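S.K.: First, the structure itself, so that you have it in front of you.
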Amino acid sequence: MKKTASSRKVLPVLMHVSAWVVLIILPQIIINRAWGNSNYFAWGFYLNAGIYGIIFYINYIWLVPRFFFDGKKVVYFLSAGIVISFFYFFNSYVNAHFLHDPEREKAISEIFEKLIKDKVIQRPPMRQIQVYYFALISVVITGFAVGLRVIERHTASEKRQKELEKEKLNSELAFLKNQISPHFFFNTLNNIYSLIEIDTKDAQEAVLKLSKMMRYLLYESEHGETMLEQEILFLTHYIDLMKLRLTDKVDLKIDLPTENIGYKIPPLLFIPFVENAFKHGISYREKSYISISMKIENSVLFFTCSNSLGSSKNESLDKSNSGIGLENVKKRLTLLFPKNHNLKIKKSDKDFNVFLEINFSSKQDD
């Protein structure tokens with residue numbers, strides 16, 4: 001991960017260096033082929049290129065971050081104009097005093113005078129043309145510096161946003177782990193305590209399953225992804241422990257796959273739906289049901305969880321507690337499978353149904 005981060009920092013530098021290498025070598029080849037070994041043209045070109053490069057980096061490194069991004073756009077445009085004006089006069093001074101070629105300029109001047117005298121052309125406004133082209137190129141370069149900085153800032157902002165979303169996702173996962181009902185463990189331990197006198201063997205198996213669930217919560221789910229096989233095993237242990245307090249009035253149907261489950265998924269993705277079903281789908285006074293199924297066809301996972309709804313004295317508690325877990329899963333699915341999932345939750349007076357599809361093949365293609 002550190003290597004990737006350092007590569008991202010080095011890449012922009014390499015791109016700038018490569019651009020300058022091309023800018024230095026290529027024009028020299030063109031000048032040599034067109035005019036021979038002419039230092040006049042070569043140094044004139046490199047002077048202009050160097051000045052334009054300085055204008056670019058003054059804007060890119062200092063003016064844009066200091067003024068443009070700070071909301072001082074008027075100050076920025078004034079500063080950029082001052083920089084362009086200064087380097088125009090600097091360029092003119094260097095050309096006039098250090099890159100002066102009298103013989104060549106005299107020859108060019110004589111050609112123009114002859115053309116003007118013969119009325120072939122009119123006397124061109126050389127000074128105005130120089131100002132115009134220098135200003136035009138400088139403005140384009142300044143705009144390019146602004147655009148590049150804006151793109152980089154936007155990219156960095158998106159990267160920070162993704163990192164924040166990832167951190168938020170990890171915190172939500174930790175919160176979800178803590179949410180897997182402390183009262184569930186409390187009730188399970190009470191059930192195991194009762195089983196000790198009735199059936200010691202079943203009690204021992206229940207304790208073993210509970211310890212495996214705790215191990216999964218503490219260790220396996222710490223990573224961003226886990227194997228679907230491990231998640232199904234966790235669900236199975238959870239359901240087996242919840243069976244300890246079910247009566248004959250609850251119709252429980254479980255259909256979880258045992259094959260073709262070598263996919264990676266976010267940990268604790270399905271448990272809020274299952275926990276919600278046991279929380280709301282159990283009635284000790286009337287007939288109730290819970291139906292949980294999962295299947296995978298053509299790299300698409302289909303998960304359904306349905307349960308009956310009865311009158312509950314803890315309606316307000318259910319909304320404030322279990323609702324958090326369901327919203328948590330919705331957010332995680334949106335972040336992790338933005339275009340590769342379909343979640344539908346339907347609630348009626350008597351039933352609560354969850355339908356979830358996850359397309360693993362599309363996620364791999366992305």
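Each reported figure results from applying straightforward, stated rules to the coordinates on display, with no laboratory input. Model, not experiment: these values are computed from the prediction. Quick reminder, even Gly has a Cβ in these numbers, built from the backbone with ideal geometry, and neighbours come from all protein chains shown.
S.K.: If you keep only loop residues by DSSP, which trypsin sites (Lys or Arg not before Pro) in the range 226-269 have at most 13 other Cβ atoms within 10 Å of their Cβ?
M.R.: Loop-located and lightly packed - LYS249.
S.K.: I want to verify the translational diffusion coefficient of the range 223-310 in µm²/s; compute it with Stokes-Einstein, Rh as the Kirkwood radius over Cα pairs, at 20 °C and 1.002 mPa s.
M.R.: 156
S.K.: TYR93 to THR200: extension gain in nm, 0.36 nm per residue of separation minus the Cα-Cα distance?
M.R.: 28.6 nm
S.K.: Starting with the highest mean, order 147-157, 61-71 by the number of other Cβ atoms within 10 Å, averaged over the residues of each peptide.
M.R.: Ranking, from highest mean packing down: 61-71, 147-157.
S.K.: Please identify every one of the GluC sites (Glu not before Pro) in the range 227-263 that sits in a loop by DSSP and has no more than 12 other beta carbons within 10 Å of its own beta carbon.
M.R.: GLU259
S.K.: Note down the net charge around PHE278, summing +1 for each Lys or Arg and -1 for each Asp or Glu among other residues with Cβ under 10 Å from its Cβ.
M.R.: Spelling it out: positives minus negatives among the neighbours equals +2.
S.K.: Sticking with this one: Starting with the highest mean, order 352-360, 266-274 by the number of other Cβ atoms within 10 Å, averaged over the residues of each peptide.
M.R.: Put in order of decreasing packing, that is 266-274, 352-360.
S.K.: Continuing with this model, one more query. Between the alpha-carbon centers of the range 242-277 and the range 187-222, tell me the distance in whole angstrom.
M.R.: 16
S.K.: Just to confirm a number: summing +1 for Lys and Arg and -1 for Asp and Glu over residues other than LYS249 whose beta-carbon lies under 14 angstrom from that of LYS249, what do you get?
M.R.: Cβ neighbours under 14 Å give a net charge of +1.
S.K.: Which of the peptides 335-342, 301-308 is most tightly packed, and how do the rest follow, going by the mean number of other Cβ atoms within 10 Å of each residue?
M.R.: Top to bottom by mean Cβ count within 10 Å: 301-308, 335-342.
S.K.: What does the charge count near ASP240 come to, summing +1 for each Lys or Arg and -1 for each Asp or Glu among other residues with Cβ under 9 Å from its Cβ?
M.R.: Surrounding charge for ASP240 is +1.
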